[in-house]
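Laboratory data are not the source of any read-out in this text; all were calculated from the coordinates shown. Quick caveat: nothing in here was measured; it's all calculated off a predicted structure. Here the Cβ is made from the backbone with ideal geometry for all residues, glycine too, and neighbour counts use every protein chain on show.
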Amino acid sequence: MAILSSAPVLELRGISKGFPGVQALSGVALNLYPGEVHTLMGQNGAGKSTLIKVLTGVYTPDQGQILLEGRAIQPSSTLDAQNLGISTVYQEVNLCPNLSVAENIFIGRYPRKRGGIDWAGMQRQATELLERMQIRIDVSLPLARYPLAIQQMVAISRALLVSAKVLILDEPTSSLDEKEVELLFNVLRGLREQGMAILFVTHFLDQTYAISDRITVMRNGEREGEYACSELSRLELVNKMVGASSSATVAPVAAPAPSAPSKLTTFLRAVGLGRKGALSPMDIELRQGELLGLAGLLGSGRTEAARLLFGADRADSGSIVIDGKERNFASPRDAIAAGIGFCSEDRKHEGAVLELSVRENLILALQARTGILRAIPLKRQQQLAEEYVKALGIKTASIETPIGTLSGGNQQKVLLARWMATEPKMLILDEPTRGIDVRAKQEIMDYVTALCRKGMAILFISSELPEVLRVSDRIVVMRDRKAGGEYPRGALDETSVLQVIAAGDGHE
Amino acid sequence: MNSVRHPLFRPLAALVLLLLVDLLLVPGFFHLEIKDGHLYGSLIDIANRAAPLVLAALGMTLVIATRGIDISVGAVVAISGTVAAMLIGGASTADTPMAWALCAAMGAALLCGAWNGLLVAGLGLQPIVATLILMVAGRGLAQLFTDGQILTVYYKPFFFLGSGYLFGLPFSLYIVGAVFLATALLMRKTALGLFIQAVGINPVAARLAGLKTAVLVFFVYVFCSACAGLAGLMISANIKSADANNAGLLLELDAILAVTLGGTSLAGGKFSLAGSVIGALIIQTLTYTIYSLGLPPEVNMVVKSVVVFLVCLSQSAEFKNMWRALRANKQGGAA
């Protein structure tokens, strides 16, 4: 390949970075050549973000070297990295929506003319810059007037203005629709022809294969490997990301057998449940005493499905039927009233109220249901708290300790107890065991399976395939914000789940 | 070491320190005497004068606990005072029965609160901007009511609210005491206190736990305006007139200061009603001290700003880190 014959424009050698308690990166290498789109892939926590932050000067690596055109560099800030020629466009566009497109592109480096700002010149240059990407818009209008995809382009053209040699795109497509993604990719292809080195971070397999020349896979803070995109099958890629035993020769998964009429009572049935930009319409059924696993990579629509079922986001299509009655959840409150509980994947921001005590966190949902005026007597609160601290083995100095001082696993147990106290009929657990130690993980899963045996309907979401396979009675595999099939217990093993995930439309 | 200090330790220490200064420098500061069956003295005077501020601070505490702020307190003071004075009228008998006048004034205050609550909880405006609207419009409205004139009231029973005595103590102290107790009980005996803190600390988690966050936020703004309305009645009864231009001017800033002095963080979450009362007393004592020392009143502003500065510093995480680093350096150097 021609691109490999030239020297890399950016070279990372043995980059390591540790944080208290975690080694985020260990000895990572990366080569980025001019005129290529290089995709960085890996599961959550694989170290992608840390690597990007090292590259852009947010973090200083503990070890290792960054070479830009053969010269060692040590970017000390994003601005510094930018001046060196490494520009980054982030997932959330960090521009000023109230300023004009032209101003956004030139902010901080307005062209000058006779002591003042050369507004006319700025607009002309901005128009030219955008035209290089085949975008023709009125650059004098405020940025907020344009869709997100155009805003991304503006962010890119701003990055290009600093005569960047390396362009980093950190999950630029996560809030774009298909057409907008195509527009963005056209721009990237154009830039690639002009010799730009592009590092692209994404969770989407389809997009990876649509645009990349090469792929670097990260796992557990290490570089798993670097591959030419054309030589790596989807299955191999997914295998490498999750670190499953690689065997590309397994037989394709049989189409899901028509599930036998279940003896279990249906608790909730959703038909065509979906939300634009988040989840393609899908059917899902939860039964009493059954644990339904949602498998899939991050960004595959698992969390989105959970949030729609709980009323945290509003569905714009489909219907939910509980006990034969159609329900329309306008808020989590409605879902709670219908007997549903939801442990969010983001414990810190969406679960724990860090400064409140274990007791207060534990009774919060129950109290919300009983109402503001009917306060649960303090005695009863303490009794409930003590009960669950004991039942779940929560390690805390006392029930009056702020939850923020507990370890992650114990916080998670308190949040689980928060829902248990409301005696729900259905529990949604989104990554309940993420970031907690092995023992707490085991205890939580044991407790959850026991609940299920007692008749609760459980929706279990996890990135850890072995865990999903071990505990689920039924599995729905999610892929690219769609349901990719439903399978009974035992029909799938790790490899076949990966195959389902990897089976993109029209590829195999 | 000072591992777990009571949250009221700092505000109480500040108040005690201030009182110590008064003990040393202001002769007869702690002297109390009974004249005509009424208790008189500097301490009573301070408590009496602090009453409207305490009320405003109580309302502000709950707003701040939800991560909000209400800068329309002074305007609501002007509105409620004006409405009451206008309805009672400038004669020695009341045009409207006083009870009706007071109810109308409180009704106007509640309406103001509902407006603020609607803007913040319903439309999602930033609290400072949302309440800025009423801060400007409210005082203007009050001035329109009175044609920009000071409306003097001669109806004696009205004055009781501001300067009356009951069982030897100023009547205003009973009002403040009752409001404080009622609020504290409301926070303790219902789940309101817990919910307000939860919303202030983590609104997303609160919503996912099933709280009606918008209703809660709406309520605290209504409550804050009700407190301000009551303070407005007290102030206008005390000055025996409705002064739309100056009544309660900048009271919101003193209330915010009182809340922060009392140990409630402007970032929301945990709050202390008792702390805010102490904060208001600190401010009033400070003012009183400066006057008694014979310093020019302008000094008061400067001293207050120094206090604000110190409070802000004590809440700044950045400053704490710098301070810690400095101390660690020193110890390292000595070792």
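Before moving on, here are some points about what is shown:
- Shown is the FRET efficiency for B:Tyr291 and B:Ala184, computed with R0 = 25 Å from the Cβ-Cβ distance and rounded to the nearest 0.05: 0.20.
- Per-residue average of Cβ from other chains inside 10 Å of B:193-199: 5
- Extension gain, B:His6 back to B:Ile128 (0.36 nm per residue minus Cα-Cα distance, nm): 40.9 nm
- Ranked by how many other Cβ atoms sit within 10 Å of their own Cβ, fewest first, the residues A:Tyr209, B:Tyr291 fall in the order B:Tyr291, A:Tyr209.
- Efficiency of FRET between A:Thr401 and B:Leu17 - r from beta-carbon atoms, R0 35 angstrom, step 0.05: 0.65
- Percent antiparallel among DSSP beta bridges (both partners in the protein assembly as shown, rounded to 5): 60 percent
- Shielding by partners - mean other protein chain Cβ count within 10 Å, residues of A:348-359: 5
- Between helix A:178-193 and chain A there is an angle of about 30 degrees, using the helix long axis and the longest principal axis of the Cα atoms.
- Based on DSSP H segments of at least four residues, each scored -39500 (n - 2.57), the protein assembly as shown has a per-residue ellipticity at 222 nm of -15000 deg cm²/dmol.
- Near A:Thr303, once Lys and Arg are set to +1 and Asp and Glu to -1 for all other residues with Cβ below 11 Å from its Cβ, the sum equals -4.
- Averaged over the residues of peptide B:207-220, the number of Cβ atoms from other protein chains lying within 10 Å of each residue's Cβ is 6.
- Value of Rg/Rh across chain A [Cα atoms, Kirkwood radius]: 1.00
- Shape category assigned to the range A:349-423 from the gyration tensor of Cα positions, a/c cut at 1.5: prolate
- The relative contact order of chain A, computed from alpha carbon pairs under 8 Å that lie at least 6 residues apart in sequence, is 15 percent.
- In this label model, A:Ala29 and A:Thr60 are separated by 2.6 nm, measuring between points 7 Å along each Cα→Cβ vector.
- A:Asn328 versus A:Arg380: modelled label distance in nm, points set 7 Å from Cα along the beta carbon direction: 3.3 nm
- Applying 1/(1 + (r/R0)^6) with r as the Cβ-Cβ distance of A:Thr370 and A:Leu141 and R0 = 45 angstrom yields a FRET efficiency of 0.30.
- One decimal place: the segment B:Tyr165-B:Asp36 gains 45.4 nm when fully extended, by the rule 0.36 nm per residue minus the C-alpha distance.
- Extension gain, A:Arg314 to A:Ile117, is 66.3 nm, computed as 0.36 nm per intervening residue step minus the present C-alpha separation.
- Inter-label distance for B:Ala267 and A:Ser230, nm, one decimal - labels placed 7 Å from Cα along Cα-to-Cβ: 5.4 nm
- GNM remark for chain B: springs join alpha carbons under 10 Å apart, and the peak mean-square fluctuation among B:Phe219, B:Phe195, B:Phe319 falls on B:Phe319.
- Folded to 0 to 90 degrees: helix A:358-370 orientation relative to chain A principal axis, Cα: 70 degrees
- Anisotropy class of the range A:2-232 from Cα gyration tensor, a/c 1.5 cut: prolate
- Centroid-to-centroid separation of the range A:457-508 and the range A:90-149 [C-alpha atoms, Å]: 45 Å
- Peptides A:416-423, B:78-85, B:298-305 ordered by packing proxy, namely the average of other Cβ atoms within 10 Å per residue, highest first: B:78-85, A:416-423, B:298-305.
- Oblate is the label for the range B:129-196, because a/c, from the alpha-carbon gyration tensor with a ≥ b ≥ c as root eigenvalues, is 1.5 or above and a/b does not exceed b/c.
- In range of the label at A:Asn98: residues from the range B:109-128 whose backbone nitrogen is under 19 Å from the point 7 Å along Cα→Cβ: B:120, B:123-128
- Counting only alpha carbon atoms, the long axis of helix A:148-161 and the longest principal axis of chain A meet at about 40°.
- Kyte-Doolittle mean at least 0.5, axial Cα span of 30 Å or more - DSSP H helices of chain B: B:42-65, B:213-238
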